[in-house]
Amino acid sequence: MAFRRACWLVLVLTSLGLGACASGFTATYDSDPTHDFTAYRTYAWMSDNPMIIGATNRMPNPLLETRIMAAIEDGMTTRGYEMVGNPETADFVLSFTVGSREEIKVSSYPSTYAGAGYGYPNSWRWGGPYYGMATETQVRQYQKGMLALDVFDVKEHRPVFHAVAEKSISESDRKKMDETIQAAVDAVLAAFPPE
């Protein structure tokens with residue numbers, strides 16, 4: 001019986017780990033190590049429109065705000081927090097930032113070829129007879145998306161938690177926007193509350 005439970009636990013933990021990797025988002029976290037998060041019970045949005053537009057080279061979709069808010073609210077409910085309408089009566093308030101940027105990745109690597117009249121002197125060797133070397137270059141352009149979440153303590157009027165999730169956004173991610181948003185929100189909430 002104990003062996004079955006151990007096997008089941010390993011299976012569950014493995015599937016959770018694979019689910020986290022499958023999202024493709026990498027997240028970083030920062031929090032005030034002296035702050036006590038255990039007293040938190042209620043939260044609110046910092047304003048009616050808590051989405052901040054960060055650095056971006058394209059116009060963000062205005063429909064993202066309500067979708068991200070809903071996903072964060074679900075995550076907070078799952079963690080046992082209650083949302084209140086008035087930020088002044090909450091234990092903490094939230095805001096989030098979205099952004100994107102186009103990035104270019106250039107990869108160069110040597111490729112060998114043989115041909116008369118090309119290459120280096122015969123005395124130079126690289127794993128056997130060598131007649132020439134060319135460089136192949138691959139240029140890839142992609143969009144990197146970012147979601148950042150900030151938590152502010154209401155009584156102390158200061159930030160106490162910050163998380164950023166980033167990912168190269170594919171065409172498939174754009175077509176499955178709700179899944180992409182959920183994966184980003186799961187990533188930024190993974191370390192909240194800090195232990």
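The values are calculated or read from the model by the stated rules, or taken from the named source; none is laboratory data. In this text, all values refer to a predicted model and were calculated from it rather than measured experimentally. Accessible surface areas use protein heavy atoms only, side chains included; no ligands, DNA or RNA. Shrake-Rupley method; radii C 1.70, N 1.55, O 1.52, S 1.80 Å.
Could you calculate the contour length gain from Arg79 to Arg67, that is, 0.36 nm times the residue separation minus the distance between their Cα atoms, to one decimal place in nm?
Result: 2.4 nm gained on full extension.
Sort Lys175, Lys144 by accessible area with a 1.4 Å probe, largest first.
Accessible-area ranking of Lys175, Lys144, largest first: Lys175, Lys144.
If you count only protein heavy atoms and use a 1.4 Å probe, how large is the accessible surface of Glu82, to the nearest 10 Å²?
The accessible area of Glu82 comes to roughly 110 Å².
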